[in-house]
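One structure below.
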Amino acid sequence: MEFVIKISQFLLSLSLLIILHELGHFIPAKAFKTRVEKFYLFFDVKFSLFKKKIGETVYGIGWLPLGGYVKISGMIDESMDTEQMAQEPQPWEFRSKPAWQRLIIMLGGVTVNFLLAILIYIGMSYFYGDKFLPVENITDGFLIENTVANKAGLLTGDKIIAVDGEKVENFSALPEKVLFGKQITIERNGEQSNITFPEDFLAQLIDSKEKDFIELREPFIVVQVPDTSFNKNSGLKKGDIIFGLNDFETKYADEVKLGLEKFKGQEVAAKVLRDKAEINVPLKISNEGKLGLVYASNSTPETLEALGYYKFESKKYGFFESFPVGLKKAKDRIVSYWDQLGAIFTPSTGAYKGVGGFKAIYDIFPSVWNWQYFWNITAFLSIMLGVVNLLPIPALDGGHVMFLLYEMISGRKPGDKFMEYAQMVGFFILIALVLFANGNDIYKAIFG
């Protein structure tokens, strides 16, 4: 059932983005009286799952879910229809239109992508508002147990003051900011200092295969004391919170681990919070520093707030208030994704090792249907699609835009033969990128 829910969200989001992107090309093409021969969701290699001709356009669904396309008459695109291009230009063809009209047609897809993301963020701000944890409310620093981050200089308990000189206000944005930052300003034991990450920090993180990076410190909440546990008769119950071992304070789970290491092989008096009352419980600690029980490590914001560990903030926005909020969210996400692309195309960072394909996109969807998550992911994917399509690769919209700008500035139009060769080179580059991204997915699936 989990697979059905995830694949349904994946296909719905992908289909919505493809259709709207291609509609961004289709509408200005029709407005400028340019003939559109095909409008397809997915690729119809050899055959279609569905097709119907309405007017001069064939609408259809292909069987290969790697994207979609509109075939515009008189345009050198992925169809490589050289036979049509060898004939005399016709008034309804793309190549016969003024450069400014062709530019608008080519920019239509990415424009829709960015507008869609903005509208989604505005709508989500209005309907859901925001619930977030201000970084300034995190008084005891962060949980940083990632060995690569520790080696770089970040330790559990550090407060992160700024990234590249810029203060980060929202915890949810902090890990990504730090991940792509160069200089991190921290406060440790009341003193501030700067940490400079090595250039290949991202590569080290990816190679380590450790999932955790910067997290919230959480309490040690007992989930289960198994019947086979050597502490089964201790009196511990589900929901108990251990906040001390003898005279060693353990407000957080990471401090409990330190205490277990300190007192391993001994019996201790554990200070336990149960139903808001403090009690003492005798516990045995094994020679390996274990308690023989299961504890929680993923408390909900509501639980953490109720226990007094963190104070979250909620904001609701009126209809007109949601517009600037949504615009800012879209702008921040676009800037963030550009930064990520910059890191990916800089070999020395090693960020390319983390590039994923369709499996990686599938994995970010939750295993339960949640419209708030769905729209948030769809907005991000829409921005990703828009930014990637702006890359100056001939087979992408950005490649066409690059040649059109050259034509408008120089007054010379690139020859059809040159455009054919450029399209072929761009197509092979795209195939290589798709194979690399999905090859990364396969590698990770096999080797973890």
Quickly run through the range 250-286 and pick out the residues that are within 19 Å of Asn233 (Cβ to Cβ), in a strand (DSSP E or B) and among the small types (Gly, Ala, Ser).
Ala269, Ala270
If Gln192 meets every condition in (1) surrounded by fewer than 16 Cβ atoms within 10 Å (Cβ to Cβ); (2) assigned to a loop (DSSP other than H, G, I, E, B) apart from one, which number is that one?
(2)
Within the range 253-276, how many residues turn out to be open to solvent by 50 Å² or more (accessible area, probe 1.4 Å) and closer than 25 Å to Thr156 by Cα?
7
For residues that are touching a residue at least 24 places away in the same chain (Cβ under 8 Å) and not in a helix (DSSP H, G or I), scanning just the range 301-310, find the one that is nearest to Asp130 (Cα to Cα).
Tyr310
Residue hits (the range 30-66; in contact with a Leu (Cβ under 9 Å, 6 or more places away or on another chain), among the β-branched types (Val, Ile, Thr) and either open to solvent by 80 Å² or more (accessible area, probe 1.4 Å) or modelled with pLDDT of 90 or more (or both)) are Ile61
Determine, yes or no, whether Lys38 is part of a strand (DSSP E or B) and of a type in the set (Lys, Arg).
yes
Taking the range 206-238 on its own, how many of its residues are surrounded by fewer than 17 Cβ atoms within 10 Å (Cβ to Cβ) and touching a helix residue (DSSP H, G or I) at 6+ places or on another chain (Cβ under 6 Å)?
1
Out of (1) exposed (fewer than 15 other Cβ atoms within 10 Å of the Cβ); (2) of a type outside the set (Asp, Glu); (3) assigned to a strand (DSSP E or B), what's the single condition that is false for Ile242?
(1)
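To keep it simple, each residue is scored yes or no on (1) outside any helix (DSSP H, G or I); (2) in contact (Cβ under 8 Å) with a residue 24 or more places away in the chain.
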position: Glu288; (1), (2): yes, yes
position: Lys331; (1), (2): no, no
position: Asp339; (1), (2): no, yes
position: Gly342; (1), (2): no, no
The range 194-229, subset of a type in the set (S, T, N, Q) and out of contact with any strand residue (DSSP E or B) (no Cβ under 6 Å at 6 or more places or on another chain), residue modelled with the lowest pLDDT
Ser208
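Being among the polar types (S, T, N, Q), surrounded by 14 or more Cβ atoms within 10 Å (Cβ to Cβ) and at pLDDT 95 or above, is that true of even one residue in the range 313-326? Explain how you work it out, then say what you get.
If we filter the range 313-326 for residues that are among the polar types (S, T, N, Q), which is where we start, we get 314, 322.
With surrounded by 14 or more Cβ atoms within 10 Å (Cβ to Cβ) added as a condition, the list becomes 322.
Then drop every residue that is not at pLDDT 95 or above, which leaves 322.
For the range 313-326, residues among the polar types (S, T, N, Q), surrounded by 14 or more Cβ atoms within 10 Å (Cβ to Cβ) and at pLDDT 95 or above: present.
Being on the phi < 0 side of the Ramachandran plot, in contact with a strand residue (DSSP E or B) (Cβ under 7 Å, 6 or more places away or on another chain) and not acidic (Asp, Glu) narrows it down to one of Lys290, Lys232, Lys284, Lys257, so name that one. Explain how you work it out, then say what you get.
Working: Lys290 fails: in contact with a strand residue (DSSP E or B) (Cβ under 7 Å, 6 or more places away or on another chain); Lys232 fails: in contact with a strand residue (DSSP E or B) (Cβ under 7 Å, 6 or more places away or on another chain); Lys257 fails: in contact with a strand residue (DSSP E or B) (Cβ under 7 Å, 6 or more places away or on another chain).
Unique residue meeting the criteria: Lys284.
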I'd like to check something: does the range 92-105 contain any residue that is open to solvent by less than 50 Å² (accessible area, probe 1.4 Å), part of a helix (DSSP H, G or I) and free of Cβ contacts under 8 Å to residues at least 12 places away in the same chain?
no
Condition first: surrounded by 20 or more Cβ atoms within 10 Å (Cβ to Cβ) and closer than 20 Å to Gly398 by Cα. Now tell me which residues in the range 1-27 satisfy that.
Leu17, Ile18, His21, Glu22, Gly24, His25, Phe26
Condition met for Leu143 (touching a Phe, Trp or Tyr at 6+ places or on another chain (Cβ under 7 Å) and either under 27 Å from Ile334 (Cα atoms) or surrounded by 15 or more Cβ atoms within 10 Å (Cβ to Cβ) (or both)):
no
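With closer than 23 Å to Leu304 by Cβ, assigned to a helix (DSSP H, G or I), open to solvent by less than 20 Å² (accessible area, probe 1.4 Å) and of a type in the set (Gly, Ala, Ser) as the only criterion, which of Ala149, Ala203, Ala173 stands out? Spell out how you get there, then give the answer.
Numbers: Ala203 fails: closer than 23 Å to Leu304 by Cβ; Ala173 fails: open to solvent by less than 20 Å² (accessible area, probe 1.4 Å).
After ruling out the rest, the residue left standing is Ala149.
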Residues of the range 311-329 satisfying the condition of being touching a residue at least 24 places away in the same chain (Cβ under 8 Å) and either aliphatic (A, V, I, L, M) or assigned to a helix (DSSP H, G or I) (or both):
Ser322, Phe323, Val325, Gly326, Leu327, Lys329
Can you tell me which residue in the range 364-376 is nearest to Ser208 (Cα to Cα), limited to those that are out of contact with any Phe, Trp or Tyr (no Cβ under 6 Å at 6 or more places or on another chain) and touching a residue at least 12 places away in the same chain (Cβ under 8 Å)?
Ile364
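The values are calculated or read from the model by the stated rules, or taken from the named source; none is laboratory data. All values derive from a computational prediction rather than experimental measurement. Virtual Cβ from ideal backbone geometry, glycine too; neighbours counted across all protein chains shown. For accessibility, only protein heavy atoms count, side chains too; no ligands or nucleic acids. Shrake-Rupley method; radii C 1.70, N 1.55, O 1.52, S 1.80 Å.
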